[in-house]
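Reviewing the structure listed below.
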Amino acid sequence: MHNTAFCRVCFLLLFERKVDRSIAKNHMFSRSDHVLVAVSGGKDSLALWHVLARQGYQTTGLHLSLGIGDYSAQSRDKTEAFALARGLPLIVRDLQEVAEDISIPRVAAFTNRRPCAACGKIKRHCLDATALEHGFTVLATGHNLDDEAARLLGNVLHWQQDHLAKQQPVLQPVHPKFVTKVRPLYLTSEFETATYAFLSGIDYVIDECPNSVGATQLLYKAMLNRLEAEMPGTKHSFVRDFQRVAQPVFAATRNTPPGDCAVCGMPSYGTVCSFCSLVAEVHAKRERARPTA
Ligand code: SF4
């Protein structure tokens with residue numbers, strides 16, 4: 001944040017002002033909006049929800065229970081305890097209730113995919129569908145500067161034009177069933193959010209998801225941390241200058257709006273959306289794996 005030492009009170013104040021400025025400067029939402037906040041139970045999403053509630057924004061949390069053993073159980077417990085202690089409304093969706101056999105370990109086992117590949121798709125669908133179902137117009141996530149820099153590095157290394165076109169702190173809906181998606185912490189480092197969560201007494205899940213071992217995203221983060229150690233400010237300027245200089249060029253290439261999925265009706269670029277295709281694949285493979293009488 002600054003190359004200066006702060007007392008607890010000043011740090012919390014500066015952090016909250018920084019997040020509020022990011023929301024205002026990027027026209028993310030106002031105090032008249034009711035914001036759905038995706039909360040995993042980790043430090044970033046709980047810190048974000050805490051700041052927004054303290055700043056007087058109307059918020060509801062949304063927790064997706066992913067079915068990843070103890071990790072998911074702990075994440076849900078911490079999120080529910082956080083909401084209860086502060087009297088904040090929380091929606092919890094269990095993937096088992098969204099579609100049969102769609103927990104992350106089951107999907108990975110049936111499809112032979114890495115768990116994270118399926119997880120991203122499932123989470124995106126559930127967040128979009130829940131926001132629509134409950135009539136929210138804004139969905140906020142706790143992605144921080146380190147997440148954004150690692151994602152940008154991955155997108156640039158593979159020249160993922162479509163992904164670069166969508167990498168924005170505010171993603172306006174391109175379909176009536178989508179809501180505005182915002183990332184108020186996109187210029188706030190992981191260290192800052194961890195410090196804020198700690199100093200605010202937030203009890204969050206410290207363990208990483210067991211599926212994150214060996215994830216490419218962690219390799220990118222490690223490389224960026226090395227650069228940051230040699231050249232402080234690298235992550236910040238990488239993300240900020242991308243948004244200022246290059247992102248508008250990629251965003252201008254997004255001109256085909258999605259249609260409606262033939263199965264669930266949510267926005268889709270194909271006849272059937274990637275979530276429904278995944279569910280169909282899991283169910284077909286599960287039927288094939290059943291012993292015949
Ligand atoms: Fe999902 Fe992978 Fe993150 Fe675990 S590490 S929550 S499986 S995306």
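The values are calculated or read from the model by the stated rules, or taken from the named source; none is laboratory data. A quick note: this is a predicted structure, and the numbers were derived from the prediction, not measured. Cβ sites come from the backbone with ideal geometry, for glycine too, and all protein chains shown count toward neighbours. For the accessible areas, the whole protein counts, side chains as well, though only heavy atoms, and no ligand, DNA or RNA atoms are used. Shrake-Rupley method; radii C 1.70, N 1.55, O 1.52, S 1.80 Å.
Between the stretch 1-79 and the stretch 100-124, how many Å separate their Cα centres?
One Cα centre to the other: 26 Å.
Treat each spin label as a single point 7 Å out from the Cα along the C-beta direction, and report the Asp94 to Arg8 distance in nm.
Those two pseudo-labels are separated by 3.8 nm.
If I take every Cα pair under 8 Å that is 6 or more residues apart in the chain, average their sequence separation and divide by the length, what percent do I get for the relative contact order?
Taking the mean separation of contacting Cα pairs over the length of the chain, I get 21 percent.
In the stretch 1-73, carbon and sulfur make up what percent of the accessible area (probe 1.4 Å)?
So the carbon and sulfur contribution to the accessible surface is 52 percent.
Using 0.36 nm times the number of residues separating Thr111 and Gln74, minus their current alpha carbon distance, what extension gain do you get?
Here the answer is 10.7 nm.
Amide H neighbours of Thr188 under 5 Å, at least 5 residues apart or on other chains, H built in the peptide plane: list them.
Correct list: Leu145.
Enter the per residue convex hull volume of the stretch 8-257, computed from alpha-carbon coordinates, in Å³ rounded to the nearest integer.
Convex hull of Cα atoms, per residue: 138 Å³.
Taking 0.36 nm per residue of sequence separation and subtracting the Cα-Cα distance, how much length would be gained by fully extending the chain between Asp101 and Lys177, in nm to one decimal?
24.8 nm
List the lysines whose Cα lies under 19 Å from the Cα of Lys43, skipping any in the same chain that are fewer than 8 positions away.
Lys18, Lys78, Lys123, Lys221
Report, in whole Å, the centroid distance computed from the Cα atoms of the stretch 216-239 and the stretch 125-150.
24
Based on DSSP, what percent of beta bridges with both residues in the chain are antiparallel, to the nearest 5?
Counting only bridges with both partners in the chain, antiparallel ones make up about 20 percent.
Between Arg17 and Leu219, what is 0.36 nm times their sequence separation minus the Cα-Cα distance? Round to one decimal in nm.
This chain segment gains 69.6 nm when fully extended.
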